[in-house]
Amino acid sequence: MTNDPAASAKNLSVGMELFNAGKYAEVISFSSGSGDPALLLLAARSYTQTGEYATARQILSDLIRIMPSSSYLHSYLGLVLEHLDRNAAAEEYAAALILDAENKTALRGYAALLLEKEDFRGAIPSLRALVRLENNPDDIRRLMQTLTRAGEPDEAAALHIQNFGEDTFSHEYIDALYAQKSYQKAMSLSLRAWNTLKDTVYLRQSLEALSALDPAGAERAYRSALDSLEEAGIDDETVSQIRFSYILLEKLLGNYASAKYELGQLLKTTNDPVYRLLSAEIEARLGNDDAANSIYRELILGLCSDEDADVSLIDLVITRFSGFLLACRTKEEVAGIISIILSPYPVPVCLANIGRAYEAAGSLSQARDWFYRAYRADFISGGIAYAGFLRRSNDERECETTIRYMVMNAVRIADIERIASAVFNGGEEIWKNVRAKDLVIKRLARVTGKLSSNGREMLSAGYLYSALDALERQDHESCKWFCLAGIDVLPCYPAKIRVEDFIEVLSRMKGRALAERPVITGSEEEDKEKEEQSSDLSFLDQRETAVFLFLQEHREATEMDLRSVLETRRVAGIVNSLLAKLAENGMSVIEKRGVGERGEVYGYVGP
């Protein structure tokens, strides 16, 4: 390939013609050996079309090193990574949006990935931007649904009224009205929608709204609706949801025989564990203890034997079973029964529940043993349960040691956030253990850019607790820094804390401080200091310096890239030596990012 502009334009035209004709293999062959970014991008698109996502990823990553400010390249890499690493895809979409806030591909991809992870608060800004840019009705309804699920039904309802009018109906608007507790309007609109469209979702919504307004009247309406649907031969997932809502209403009203009958109808078509759990509870309410006991035991054994079972559901069933047993047995007897049933299943949820049973019975040494077994079985799930027990037992030192081990060894962002949730949101209030709290804050801070909205809010809460601690010990500079850091990471639509919480702490600090120094220094001075630190590489040898400067310039490189730079195959040893020397000098600017087709990937994260 030539560097002549006219020839490059002709080559690109030929490549585009082949690409538009669907001749992807020919595009790949034609662009082979080219250094033209446009042709390389065309090759990456062709590899994507043929499903060779890893190769497409490598080409796009190389292009981004050349053109790091290209929002399009970051968003296209995000599309490719959706097939390889969805977390990395979200990071690329975020990078694209930082460069161009109106990149619609990135907005849609980023919002979709966040919604997939049920990070509703995180998805709201992207969805709102799409609505502003395109005003598409489907996007508006998706934003409404997300706002309601994020706990902002007022804004969702206002959005509907603004775009569609107050008296029009949609599933999302009625859900928002219900969440607002505007039951009368929700019922009126959903009934009109049902009579107009005969959409069973609207029928379900109208019955749920009526249940909130008039439970006794709703009972008759549910019975009439189910009879009518049966006569019409309508039986779909929504009808099952209506029947389940009716069962819950009958249970609420104390009509257990009717609830049992309707539940039996549901269980004829599905063996859903949630239905079976409700069946056990209804049998217990009817006084059929043997039947309830049998259902509970069968359900527990079935769930514990299923490797794909929902752990939270297993925990709920065991908790309900324990409550059922306590109605007629002593705590010691319950602990023995729970131990016999669950001990054959050496998984954290079972081992921890045995520990809880013994703890409730006052047998703390046995409880500790079972909690520790849970910890050994899984240092995340079991460790959270063990740390909670230690905190309840006032063993602060071992609790801190357990938290330390978990945060040092957790790799997945979801696991790090689970640990943080146990510390900041758990009933044991582990955050009051200052060392444990600080360990979690530091771990969250190292991965701030990858955290969900919940994770960022927990980090923000950690900073708030630290600010309060600093205020109490009259460390005013630290108090200010923690407040500013907490505001910085606070997500859109926080669930529990607000910016005002930090402002209130800052106001108290300002009122107490006799004298203070600013914690935000001039950026020029800071940049100069960083530049001086980065330029002093006298502690590195020649090869290590070459690696450092190459990574500093290109931001990322593979093992194969560094082999070419160093003209040696001993890249791993040189990089490890470089990392050790940097650490000794307090510089954390180079990181390992995993292994790709071209070997280990290294990244530069410094200035």
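The values are calculated or read from the model by the stated rules, or taken from the named source; none is laboratory data. Model, not experiment: these values are computed from the prediction. Glycine gets a Cβ as well: all are built from the backbone with ideal geometry, and neighbour counts include every protein chain shown. Areas reflect the complete protein model, heavy atoms only, side chains present, ligands, DNA and RNA absent. Shrake-Rupley method; radii C 1.70, N 1.55, O 1.52, S 1.80 Å.
Just a few scattered comments:
- Measuring nothing but how far apart in sequence close Cα pairs (under 8 Å, 6+ apart) lie, relative to its length, the stretch 72-159 scores a relative contact order of 19 percent.
- In this structure, the residue pairs whose Cα-Cα separation is over 26 Å, taken from K104/K185; K185/K496; K104/K480; K432/K496, are K104/K185; K185/K496; K104/K480.
- The stretch 193-280: C-alpha gyration tensor shape, a/c 1.5 cut-off, then a/b vs b/c: oblate
- Loop GluC sites (Glu not before Pro), the stretch 225-331 (other Cβ atoms within 10 Å of the site Cβ: 11 or fewer; DSSP): E307
- The value of relative contact order for the stretch 1-160, using C-alpha pairs under 8 Å at least six residues apart, is 11 percent.
- Theoretical ellipticity at 222 nm over the chain - DSSP helices of four or more residues, -39500 (n - 2.57) apiece, nearest 500: -23500 deg cm²/dmol
- Tilt relative to the chain, helix 396-409 - C-alpha long axis, 0 to 90 degrees, to 10: 60 degrees
- Only protein heavy atoms count here; under a 1.4 Å probe, F539 has an accessible surface of about 50 Å².
- Gyration tensor (alpha-carbon) shape descriptor, the stretch 34-118, a/c threshold 1.5: oblate
- Principal-axis tilt of helix 5-20 within the chain, Cα atoms, nearest 10 degrees: 30 degrees
- Computed E for E298/M408 - FRET, C-beta separation, R0 51 angstrom, nearest 0.05: 0.80
- Placing a label point 7 Å from the Cα of E553 along the Cα-to-Cβ direction, the residues of the stretch 45-78 whose backbone N falls under 18 Å from that point are 62-69.
- Spin-label zone in the stretch 30-60 - amide nitrogen under 15 Å from a point set 7 Å from the Cα of M16 along the C-beta vector: 37-43
- Taking max minus min of the alpha-carbon positions on each principal axis, the chain gives extents of 83, 64, 56 Å, largest first.
- Cα gyration tensor shape of the stretch 261-336, rounded if a/c is under 1.5, else prolate or oblate by comparing a/b with b/c: oblate
- Which of L133, A357, L42, positive extreme of dipole for the chain (C-beta unit charges): A357
- Stokes-Einstein diffusion for the stretch 444-495, with the hydrodynamic radius set to the Kirkwood value over Cα pairs and evaluated at 20 °C in a medium of 1.002 mPa s, equals 194 µm²/s.
- Per-peptide packing, taken as the mean over residues of other Cβ atoms within 10 Å, places 174-187, 326-339 in the sequence 174-187, 326-339 from highest down.
- Separation of the Y345 and T401 label points, Cα + 7 Å toward Cβ, nm: 3.1 nm
- Stretched out straight at 0.36 nm per residue, the stretch from C492 to N87 would grow longer than its current Cα-Cα span by 143.8 nm.
- In a fully extended conformation the segment linking R473 and K450 would gain 5.0 nm over its present Cα-Cα distance, using 0.36 nm per residue.
- Per-pair calculated FRET efficiency, R0 = 22 Å: V434 and K510 via Cβ, rounded to 0.05: 0.35
- Reachable aspartates and glutamates from K10, criterion Cα separation under 20 angstrom, eight or more residues apart if same chain: E26, D36
- Cα principal axis extents for the stretch 197-242, largest first, Å: 28, 18, 17
- Surface calculation, 1.4 Å probe, protein heavy atoms: H74 sits at approximately 20 Å² accessible.
- Net charge of Cβ neighbours under 13 Å - reference R498; Lys, Arg +1; Asp, Glu -1: -3
- Under the convention that each Lys and Arg Cβ holds +1 and each Asp and Glu Cβ holds -1, the size of the dipole of the chain around its Cα centre is about 820 debye.
- The listed residues R412, R512, R391, R569, once ranked by accessible area (1.4 Å probe) with the largest placed first, stand as R569, R412, R512, R391.
- Ordering T55, G78, S31 by Cα displacement along the dipole of the stretch 1-153 toward the positive end leaves G78 in first place; charges were set at the Cβ atoms of Lys, Arg (+1) and Asp, Glu (-1).
- Residues whose placed amide H lies under 5 Å from that of I590, excluding near-sequence neighbours: V605
- Cα-based helix-to-principal-axis angle, 381-392 vs the chain, degrees rounded to 10: 70 degrees
- Of A385, Y375, A414, farthest towards positive along the dipole that unit charges on Lys, Arg, Asp, Glu beta carbons give the stretch 353-475: A414
- Between K268 and I234, the C-beta separation translates, for a Förster distance of 25 Å, into a calculated FRET efficiency of about 0.90.
- Here the chain exposes an accessible surface that is 49 percent carbon and sulfur, computed with a 1.4 Å probe and the other protein chains kept in place.
- Multiplying the residue separation of L484 and S564 by 0.36 nm and removing their Cα-Cα distance gives an extension gain of 24.4 nm.
- A 1.4 Å probe, protein heavy atoms only, puts the accessible area of S294 near 50 Å².
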